[in-house]
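Colleague: Have a look at this one before I ask anything.
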Amino acid sequence: MSKTFDALVEVMNRLRSEGGCPWDREQNHSSLKPYLIEEAYEVIDAIDSEKPEALCEELGDLLFQVLFHSQIAKERGAFDIESVLKTVNEKMTRRHPHVFAKGDKQQEALKSQSILARWEEIKLKEPGNRERLSALDGVPKSLPPLLRAHQIQARAARVGFDWKSPEPVLEKVEEELQELREAIEEKKLTKIENELGDLLFSIVNYARFIKVNPEDAMRGSIKRFTERFQIVEATAKQNGGDLGALSLDEMNLLWEAAKSEEQAT
């Protein structure tokens with residue numbers, strides 16, 4: 001490992017040592033879960049910001065979480081960061097025979113089937129995955145629902161359970177929307193929730209077909225809504241009023257103005 005990486009490992013060791021940081025010493029795998037998720041999403045925010053310096057910093061924070069968990073495991077005699085690096089190195093080499101195999105084996109790996117299908121086949125043969133009974137096993141339940149739906153659908157598609165083109169998928173979206181309307185008319189809350197879930201699931205599936213990441217699409221919509229709403233708030237304040245005192249029609253006029261301003265930039 002590089003001297004810089006070794007120095008970071010030593011920082012982690014120091015923080016967890018007798019004379020280290022009390023907060024760091026109190027942590028365990030479970031207590032750190034929220035921070036791991038938070039750091040991962042901060043990496044995504046940095047990617048969206050298109051600021052290399054922000055991405056560099058956030059990747060460092062995420063890496064530190066990996067070191068944190070590795071140090072805790074080391075103290076328990078389970079594994080250490082060297083084991084993590086060795087395991088992932090072996091796994092990536094094993095799962096990419098089209099890159100790392102030599103001669104005829106490399107060509108066979110490239111020609112026998114698609115690389116994604118080959119990846120899944122190799123994964124299922126690995127010791128930790130042999131107990132999987134379903135093609136859908138292994139998709140983390142803790143993933144955000146939109147992303148988990150996308151991954152579940154992608155797994156099903158890899159074994160041939162999929163539409164042949166986007167058109168019938170869009171028709172399915174329209175069908176689910178109609179079923180939601182009918183459920184709303186019946187005023188049955190459980191059915192409304194089920195049909196709304198089916199509609200969202202179908203939209204995610206359509207997004208997969210047109211190669212749009214639903215999480216990215218949703219983040220973009222939230223960002224646009226937030227920016228427009230804040231413009232509406234600022235405009236209302238500039239006009240000497242409070243947003244809550246405006247009528248819905250007045251708010252809509254400010255909203256459309258904010259949209260026009262956004263599209264003009």
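Colleague: In the stretch 126-179, how many residues are modelled with pLDDT under 85 and of a type in the set (Asp, Glu)?
Modeller: So the answer is 3.
Colleague: Further question on the same structure: Of everything in the stretch 188-206 that's assigned to a helix (DSSP H, G or I) and of a type in the set (D, E, K, R), which residue is nearest to the chain's Cα centre (by Cα)? Outline the logic, then answer.
Modeller: Restricting attention to the stretch 188-206, the residues satisfying the condition of being assigned to a helix (DSSP H, G or I) are 189-206.
Adding the requirement that they be of a type in the set (D, E, K, R) leaves 191, 193, 195, 198.
Numbers: LYS191: 28, GLU193: 24, GLU195: 24, ASP198: 20 Å.
Here the answer is ASP198.
Colleague: Regarding the stretch 198-214, can at least one residue be identified that is in contact with a His (Cβ under 8 Å, 6 or more places away or on another chain), among the aliphatic types (A, V, I, L, M) and either surrounded by 13 or more Cβ atoms within 10 Å (Cβ to Cβ) or farther than 30 Å from ILE47 by Cα (or both)?
Modeller: Kept after step one, since they are in contact with a His (Cβ under 8 Å, 6 or more places away or on another chain), are these residues of the stretch 198-214: 204, 207-208, 213-214.
When the remaining residues are screened for being among the aliphatic types (A, V, I, L, M), the result is 204, 207.
Checking which are either surrounded by 13 or more Cβ atoms within 10 Å (Cβ to Cβ) or farther than 30 Å from ILE47 by Cα (or both) leaves us with 204, 207.
Yes: one or more hits.
Colleague: Can you tell me which residue among GLU250, GLU233, GLU179, GLU185 is loosely packed, with under 12 Cβ neighbours inside 10 Å, of a type in the set (Asp, Glu) and assigned to a helix (DSSP H, G or I)?
Modeller: The conditions single out GLU185.
Colleague: Condition test on GLU182, is it of a type outside the set (S, T, N, Q), more than 25 Å from ALA135 (Cα to Cα) and in contact with an Asp or Glu (Cβ under 9 Å, 6 or more places away or on another chain)?
Modeller: Working: of a type outside the set (S, T, N, Q): yes; more than 25 Å from ALA135 (Cα to Cα): yes; in contact with an Asp or Glu (Cβ under 9 Å, 6 or more places away or on another chain): yes.
Yes, satisfied.
Colleague: Here's a follow-up. Looking only at residues that are small (Gly, Ala, Ser) and assigned to a helix (DSSP H, G or I) in the stretch 26-53, which one is farthest from VAL66 (Cα to Cα)?
Modeller: At the first step, the residues of the stretch 26-53 found to be small (Gly, Ala, Ser) are 30-31, 40, 46, 49.
Cutting the leftovers down to assigned to a helix (DSSP H, G or I) gives us 40, 46, 49.
Details: ALA40: 11, ALA46: 19, SER49: 24 Å.
It comes out as SER49.
Colleague: Would you call PHE68 free of Cβ contacts under 8 Å to residues at least 60 places away in the same chain, not polar (S, T, N, Q) and not in a helix (DSSP H, G or I)? Working first, answer last.
Modeller: Numbers: free of Cβ contacts under 8 Å to residues at least 60 places away in the same chain: yes; not polar (S, T, N, Q): yes; not in a helix (DSSP H, G or I): no.
Taking the combined requirement at face value, the residue does not satisfy it.
Colleague: Tell me yes or no: at least one residue of the stretch 193-202 is over 30 Å from ILE152 (Cα atoms), touching a helix residue (DSSP H, G or I) at 6+ places or on another chain (Cβ under 7 Å) and of a type outside the set (D, E, K, R). Spell out how you get there, then give the answer.
Modeller: If we filter the stretch 193-202 for residues that are over 30 Å from ILE152 (Cα atoms), which is where we start, we get none.
The answer is no; no qualifying residue exists.
Colleague: Identify all residues within the stretch 12-56 that are within 16 Å of GLU75 (Cα to Cα), surrounded by 12 or more Cβ atoms within 10 Å (Cβ to Cβ) and under 21 Å from the mean Cα position of the chain (by Cα); write none if there are none.
Modeller: Correct list: HIS29, LEU32.
The values are calculated or read from the model by the stated rules, or taken from the named source; none is laboratory data. This one's a predicted model, so the numbers in the text were calculated from it and none came from an experiment. In this analysis, Cβ positions are derived from the backbone assuming ideal geometry, glycine residues included, and neighbour counts consider all displayed protein chains.
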